[in-house]
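Report on the following structure.
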């Protein structure tokens with residue numbers, strides 16, 4: 001009789017252990033997928049920010065050069081302004 005109970009408990013705990021391992025592995029796998037999606041989205045955002053940063057730099061450079069051209073007092077200053 002005690003042997004049967006021991007076998008049943010062993011079987012019960014073995015099933016619980018395997019179920020727990022399966023659940024843990026599924027959670028790890030789903031975390032991997034979510035992390036991969038987040039990194040992909042972050043890469044797209046990074047590219048957009050990089051492009052907008054370049055556009056801002058170019059517009060500031062254009063403003064500086066046009067200001068230098070407008071404020072040039074001599075022909076030499078006007079010719080020295082380079083793009």
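Distance between the 7 Å Cα→Cβ label points at residue 75 and residue 22: 8.9 nm. Normalised Debye scattering of the chain at q = 0.16, 0.21, 0.24, 0.27 Å⁻¹ gives log10 I(q)/I(0) of -0.82, -0.96, -1.05, -1.12, counting only Cα atoms as equal scatterers and leaving out solvent. Between 0 and 90 degrees, the angle of helix 2-70 with respect to the longest Cα principal axis of the chain falls at about 0 degrees.
All of the numbers you see were taken from the coordinates with simple rules; none came from a lab. Worth saying up front: this structure is predicted, and the values here are computed from it rather than measured. For neighbour counting, all protein chains shown are included, and Cβ atoms are generated from backbone atoms with ideal geometry for every residue, glycine included.
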